[in-house]
Amino acid sequence: MPDAAGAAALESLLLSRSLDDPELAAATARTPDTPVLPDVSVIKVGGQSFVDRGRSAVFPLVEEILEARETHRMLIGTGGGTRARHAYALAAELGLPTGVLSSVGSAVAGQNATMLGYLMARHGIPVVSGGGFEALPLYLSESRAAIFAGMPPYSMWQPLPDEGVIPPYRTDAGCYLVAETYGCRNMIFVKDEDGLYTANPKDDPSATFIPEITVDELIERDLPDLVIERPVLDLMQRAQRVRSVQIVNGLKPGNLTRALAGEHVGTIITAGGAR
């Protein structure tokens, strides 16, 4: 907690300055924040990587998550996958703006969360959205896990992209924001690749695996294809709590369990020095 003098100075600035004031921003940065769910892991289940593949991919992952729940508390976010891509293509062709596409993407990610929730319903794992996040401590206490749609709830307020109309902050970014906001233990992206490569290994057989890299190095490389959304890198540069993310191949049984246990499996991206 800030000392009395620091708290008084911050209160004075809050009452007298614009909320965009640089001195006020610096004062709030000096005030320690409190991690809300520091022992919880956030897991992103890719829509295209898993849900779109059906039973053969989803069922083994569900079983692994249920087993891991015995020793780990988890928030499970879902992606939109191929249906979201089709919806974005149609909406863009119709000339709809970014905010509308964001709403469409949210609906598709929500469908995937609902389907995953039905598969886990008999184990008492709920799907949460909106105001339901306020009950996360109860859900995690009772069920040790909860499912949510990964799309951030920007809707019409989605930040505009530099080019085109595709929402820049999608489900990878949304799941990461949940991890950072709640001060969670880690952020694991469960994909259908072993991790990050120099190119898309599905299309380029010469692609080289990258086991570990910093955000700055990754931005400098400006790779043509990334296994996670590029805005996640920008968010990591400004993050206070979750300064690294891990990408694992969930199609290989045990990878998620190993990552939850702290093993270096897949690719680890770090934000560099501590803040």
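The values are calculated or read from the model by the stated rules, or taken from the named source; none is laboratory data. These figures come from a predicted structure and were not determined experimentally. Here the Cβ is made from the backbone with ideal geometry for all residues, glycine too, and neighbour counts use every protein chain on show. Just so you know, the surface numbers come from the protein's heavy atoms only, side chains and all, with ligands and any DNA or RNA stripped out. Shrake-Rupley method; radii C 1.70, N 1.55, O 1.52, S 1.80 Å.
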Sorted peptide list for 81-89, 202-210, criterion being average Cβ within 10 angstrom, highest first
81-89, 202-210
Would you mind computing, in nm to one decimal, how far apart the modelled labels at Ser129 and Thr31 are, each placed 7 Å from Cα along Cα→Cβ?
3.3
Before anything else, pin down the relative contact order of the stretch 141-196: Cα pairs under 8 Å, at least 6 apart, normalised by residue count, whole percent.
29
Can you tell me the length gained on complete extension of the stretch Ser244 to Ser141, counting 0.36 nm per residue apart and subtracting the Cα distance?
34.5 nm
For a protection proxy built on the mean count of beta-carbon atoms within 10 angstrom, sort 98-104, 149-155 highest first, please.
149-155, 98-104
If you build the convex hull over the alpha carbons only and average its shadow over all orientations, what do you get for the stretch 6-135? Give it in nm² to one decimal.
11.9
Can you work out ³J(HN,Hα) from phi for every residue in the stretch 124-134, in order, using Karplus 6.51 cos²θ - 1.76 cosθ + 1.60 and θ = phi - 60°, giving whole Hz and x for Gly and Pro?
x, 9, x, 9, 10, 7, x, x, x, 5, 5
Honestly the stretch 46-118 on the Cα gyration tensor test (a ≥ b ≥ c root eigenvalues; a/c under 1.5 rounded, otherwise a/b vs b/c for prolate or oblate) is just prolate
By how many degrees, between 0 and 90 and to the nearest 10, does the Cα long axis of helix 98-120 differ from the longest principal axis of the chain?
60
The extension gain from Asn200 to Ser12, computed as 0.36 nm times the residue separation minus the Cα-Cα distance, is 62.5 nm
His86-Gln237 FRET efficiency (beta carbon distance; Förster radius 25 Å; 0.05 resolution):
0.20
Helix 55-68 vs. the chain, principal-axis angle (Cα, 0 to 90°, nearest 10):
50
Measuring from its Cα centre, the chain shows a charge dipole (+1 at each Lys and Arg Cβ, -1 at each Asp and Glu Cβ) which, in debye to the nearest 20, is 780
Based on the mean of other Cβ atoms within 10 Å per residue, sort peptides 218-226, 45-53 so the most packed one is first.
45-53, 218-226
Enter the angle in degrees (range 0 to 90, nearest 10) between the Cα long axis of helix 4-16 and the first principal axis of the Cα atoms of the chain, meaning the one along which they spread out most.
90
For the chain, dividing by residue count, accessible area per residue (probe 1.4 Å) in Å² works out to 51
Mean separation of Cα contacts under 8 Å (6+ apart) over length of the stretch 1-127, as relative contact order %
22
Ignoring ligands, DNA and RNA, what percent of the 1.4 Å accessible area of the chain is carbon and sulfur?
54
Can you find, among Gln246, Thr114, Met74, the residue farthest towards the positive end of the dipole of the chain? Put +1 on the C-beta of Lys and Arg, -1 on that of Asp and Glu.
Thr114
Among (i) 40, 30, 17; (ii) 30, 23, 21; (iii) 36, 25, 20, which one is semi-axes √(5λ) of the Cα gyration tensor in Å computed from these coordinates?
(ii)
